[in-house]
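A.B. asks: Have a look at the structure that comes next, please.
The values are calculated or read from the model by the stated rules, or taken from the named source; none is laboratory data. This structure is a prediction, so every number in the text was calculated from the model and none was measured. A quick note on method: Cβ atoms are made from the backbone with ideal geometry, for glycine too, and the neighbour counts reach across all protein chains shown.
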Amino acid sequence: MIRLKTPEEIEILREGGRRLAEILSVLASKVAPGVSSFELEREALRMIKEGGDKPAFLGYSPQGARRPFPAALCLSINEEIVHGIPNETEKIIKEGDIVSLDFGLLHRGLITDAAVTVPAGVVGEQSKRLIETTKMALECGIKAAKPGNTIGDIGAAISKVVSKSGFTLTENLVGHGVGYKVHEDPFVPNFGIAGKGEKLAPGLVIALEPMVNVGKASNKILSDGYTIVTRDGSRSAHFEHTIAITEKGNIILTQ
């Protein structure tokens, strides 16, 4: 069931989203060859605690999961699409990697969610184009998220950008409602038919998150139960913002 947020709740989400964006910006600036993924996890936890908030992902148990998620930060490198787990010794960022950082923040009882993908050192032209395409797809999805439009309009806008690029949208992974929980209704696919699906009503808070692959759309989950990778080993990028639908358009809460 879709639960719309009140203007007062949206203000709290806006405050939390601003805090999340500040932390994410700092973490992104620290991505560099030789940095341990767990260094970024520790820094995320430190900054979240310093702000008086809580990590939304740490200890979260999605439906069907064998264990709660063991970190505050999802850190995914190269062929890892989403939900990569930081590791102090085995997951060290290397020159030329692309690194996706994704986390949720619980602020005053409400959750926001955002992600970015950044290069480590010098990366190839294909990786640069992948990152820019994914970022542009998110921007176009946000522009389509207007009151009176539909979930299908968002997906159609995102998929149009990606189809022109020659890359592919990851299959079976979608955006979602957020706020009271990490994942809420409605699902927000990264593809769709304009005019189809749920209407976007003022008070709706959703996380849009295109995940774009260099190669094929198919993916698989690793034995850790969380990390999703491209099945063909190609690179993937991920960008995400939490937005609120308003009477006049939308507000990007995580900026």
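A.B. asks: Please report, ordered by residue number, the strands (runs of 3 or more DSSP E) entirely within the range 66-116 with at least 2 residues that are among the small types (Gly, Ala, Ser).
C.D. replies: Where strands (runs of 3 or more DSSP E) fall fully within the range 66-116 and carry at least 2 residues being among the small types (Gly, Ala, Ser), they are 98-107.
A.B. asks: Checking ARG66 against (1) modelled with pLDDT under 95; (2) among the charged types (D, E, K, R); (3) buried (at least 20 other Cβ atoms within 10 Å of the Cβ): exactly one of these is not met. Which one?
C.D. replies: (3)
A.B. asks: Restricting attention to the range 42-54, does a residue exist that is within 14 Å of THR227 (Cβ to Cβ) and in contact with a strand residue (DSSP E or B) (Cβ under 8 Å, 6 or more places away or on another chain)?
C.D. replies: No, every residue in the range 42-54 fails to be within 14 Å of THR227 (Cβ to Cβ) and in contact with a strand residue (DSSP E or B) (Cβ under 8 Å, 6 or more places away or on another chain).
A.B. asks: Quick one: which residue in ALA72, ALA157 is free of Cβ contacts under 8 Å to residues at least 40 places away in the same chain and within 21 Å of ILE48 (Cα to Cα)?
C.D. replies: Unique residue meeting the criteria: ALA72.
A.B. asks: Follow-up question, since we're still on this one. Can you tell me how many residues in the range 89-132 are closer than 29 Å to ILE10 by Cα and of a type outside the set (D, E, K, R)?
C.D. replies: 16
A.B. asks: Considering only residues that are part of a loop (DSSP other than H, G, I, E, B) and closer than 26 Å to ARG46 by Cβ, which ones fall in the range 1-31?
C.D. replies: Within the range 1-31, LYS30, VAL31 qualify.
A.B. asks: Determine whether ILE98 is under 30 Å from LEU4 (Cβ atoms) and either in contact with a helix residue (DSSP H, G or I) (Cβ under 6 Å, 6 or more places away or on another chain) or surrounded by 23 or more Cβ atoms within 10 Å (Cβ to Cβ) (or both).
C.D. replies: No: the conditions fail for ILE98.
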